[in-house]
Amino acid sequence: MDTKENKPAAAPTTVTTVTATIALVVFASEDLWSSLQSIAYFQERDGLDGVFIYQTAERCSAAPAARLRRFCSRRWPTLRVVLPGEPGAATAAKVAERVGDWRRFRPHVTRWVIDATGATRTMLGGVAKAMAADKVFETICRDGEGVWSALRVAGVGQLDAAPLAHPIPPDATDGLPVTELVELLAADVAEIRFRESRAPEALTPEQIGRLVTVGSKCNWDWSRMYAVALERPGRLEEFTFADFVAAALLAMGIRNVRVNLGVVQTGAKRSETTLDVLVNRCGRLYLFDCRARDEQRDPGPPTPLLTLEGLWPTCVVLRPNRWATDGERLLAGMGSRMYIMDADGCRRLFSWLAEIMGVAVPAVLRDLERGALRLGVNRLPVFTPATQAQRLGDAVRLDDQVFDLVKGGRVEEGGQDTVWRAARVTPDLWFLEGRVLQGGVGGEMQRRLAARFVEHKMAVTIVFFELMPNKRFWHALVRNPGDNGAFTKLLHKWQNIPLIV
């Protein structure tokens, strides 16, 4: 008989893992970027139990706090956002009291992070008091350059800054739609016309290169460039220089871009304006003004005064049609939030955009700057239509002492087929070119041209005449020793009549 006692098997050991719950405290101020970055970062990485917004009764705190609460509720519907109905005071005692109340209100939260960027110096004393009373609190802060630090208690009511072990990355807010950020940050914007805006066209660097190549040949007619270079039908909305800039940014890896965003501003009189290109990148908005027209010759409709109070974007002004004024250059050199790129600067547009955005330039786009956009290749403006005088001058003058009269004439006539053209090359010598309409040999056609001058009693001598090998054009040099005014009037009468019939 087995005398061993039958014992029941031991129950398996259960290991309980406690997941830390995180709450975030932010201080509402006119600059909400730090709050946005900390909320977006912790919500994406850990999932926040709640966001607690400390506000005061001052407009610079109360109004941003209300906008921040609405934004968070729409962007993260399941996120608990607490904004007390009674504003707090900008005192250390009130800050410590309210933060302590929030801690008791959510006892299950095991980690409390305070983003003290928007707090005043007096408020920081309350943050230090709360940290000293309860080790569950930790405080972070972002400086003006976007660098995050950890704040530690260094005495009664005192805090010291130290490097943050895991700093919030600058691109923490890059996924937030740029249109929603305008509505959040700009206090004077009443409405965003999102439906009238558009996303950037997804083009490869090679496609952008084809656009540039075609653009220089068709005088930067953007709709025609789009159809010819990309072999696509025209779009419902016109493809513009702003679309080109947005497509270039997208090709360089900048994703959060919007084109042609309409905003309606509040005030004594509601006004509406359009933002050409808007970019959200690394905790900053970039506003592009892509006006390519000549403001003196074509001022266009009056533009409402654009304030966008609270937005504080980096302004990027593109003027491919002219040179920047001294005042504009001075303004751009005074700070890091203003750039201007004029006619000469736009020849290195892609490198310049990459420098501003902190990205690399695709090799294809850099080659465009060294080739098709280089000043030595073409003296005409880039990315903007040249005037008729500019086009003619560039076509005629190939070098300091070399001119192409035929090419210049064709540019002047817009590429249309004409029956003949003429150019005066010396005081009494004229160059003539015409199309062959009825055929014939060179000698016979020369006699027919001479007969035309005799018919009109013009003492003109044909110095040189040739029929081109393709039998489609003839060239002649003729000398007119008399009044050139009379000869010019005669040519004007023959404007649409063949010189050789």
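The values are calculated or read from the model by the stated rules, or taken from the named source; none is laboratory data. Worth saying up front: this structure is predicted, and the values here are computed from it rather than measured. No Cβ is skipped: glycine too gets one built from the backbone with ideal geometry, and neighbour counts run over all protein chains shown. Accessible surface is based on the protein model in full, side chains and every heavy atom, while ligands, DNA and RNA are left aside. Shrake-Rupley method; radii C 1.70, N 1.55, O 1.52, S 1.80 Å.
One table, with the values for the structure above:
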read-out: Identity of the residue in region 362-386, modelled with pLDDT of 70 or more and β-branched (V, I, T), that ends up surrounded by the most Cβ atoms within 10 Å (Cβ to Cβ); value: V382
read-out: Cross-chain or 6+ apart pairs with Cβ under 9 Å, region 335-364 first and free of Cβ contacts under 8 Å to residues at least 24 places away in the same chain and more than 17 Å from A247 (Cβ to Cβ), then part of a helix (DSSP H, G or I) and among the aromatic types (F, W, Y); value: G345/W352
read-out: Residues satisfying the stated conditions in region 190-207, i.e. touching a Gly at 6+ places or on another chain (Cβ under 6 Å) and open to solvent by less than 70 Å² (accessible area, probe 1.4 Å); value: R193
read-out: Cβ-Cβ under 6 Å pairs, at least 6 apart or on other chains, region 124-144 side under 28 Å from G283 (Cα atoms), far side among the charged types (D, E, K, R); value: I140/D115
read-out: Whichever residue in region 164-189 is over 16 Å from I254 (Cα atoms) and not in a loop (DSSP other than H, G, I, E, B) and, among such residues, is most open to solvent (accessible area, probe 1.4 Å); value: E183
read-out: Candidate set from region 148-160 (those that are in a strand (DSSP E or B) and either at pLDDT 90 or above or of a type in the set (A, V, I, L, M) (or both)); member that is surrounded by the fewest Cβ atoms within 10 Å (Cβ to Cβ); value: R152
read-out: Region 47-69: number of residues that are assigned to a helix (DSSP H, G or I) and touching a residue at least 12 places away in the same chain (Cβ under 8 Å); value: 10
read-out: Filter result (in contact with a Ser or Thr (Cβ under 8 Å, 6 or more places away or on another chain) and either open to solvent by 20 Å² or more (accessible area, probe 1.4 Å) or small (G, A, S) (or both)) within region 132-142; value: V136, C141, R142
read-out: Residue ID - modelled with the highest pLDDT, chosen from residues in region 252-270 that are more than 20 Å from T173 (Cα to Cα) and open to solvent by 30 Å² or more (accessible area, probe 1.4 Å); value: N260
read-out: Filter result for the condition that a residue is modelled with pLDDT of 85 or more and either closer than 17 Å to T418 by Cα or of a type in the set (F, W, Y) (or both), over V463, V501, V436, V454; value: V436
read-out: Of all residues making up region 469-486, the number that are in contact (Cβ under 8 Å) with a residue 12 or more places away in the chain and under 58 Å from the mean Cα position of the chain (by Cα); value: 12
read-out: Among (1) surrounded by fewer than 16 Cβ atoms within 10 Å (Cβ to Cβ); (2) part of a helix (DSSP H, G or I); (3) over 19 Å from the mean Cα position of the chain (by Cα), the one test that R210 misses; value: (1)
read-out: Tally of residues being closer than 19 Å to R366 by Cα, open to solvent by 40 Å² or more (accessible area, probe 1.4 Å) and in contact with a helix residue (DSSP H, G or I) (Cβ under 8 Å, 6 or more places away or on another chain) across region 318-350; value: 1
read-out: Per-region count, region 432-457, residues of a type in the set (D, E, K, R) and farther than 17 Å from K493 by Cα; value: 4
read-out: Residues within region 54-79 that are over 33 Å from the mean Cα position of the chain (by Cα) and under 22 Å from V127 (Cα atoms), tallied; value: 5
read-out: Residue match in region 283-296 (condition: open to solvent by 60 Å² or more (accessible area, probe 1.4 Å), at pLDDT 80 or above and more than 21 Å from Q207 (Cβ to Cβ)); value: yes
read-out: Filter pass, R98 being open to solvent by less than 70 Å² (accessible area, probe 1.4 Å), in contact with a strand residue (DSSP E or B) (Cβ under 6 Å, 6 or more places away or on another chain) and within 21 Å of D31 (Cα to Cα); value: no
read-out: Test: residue in region 127-135 that is of a type in the set (A, V, I, L, M, F, W, C) and in a strand (DSSP E or B); value: no
read-out: Any chance E145 is acidic (D, E), open to solvent by 60 Å² or more (accessible area, probe 1.4 Å) and in a loop (DSSP other than H, G, I, E, B); value: yes
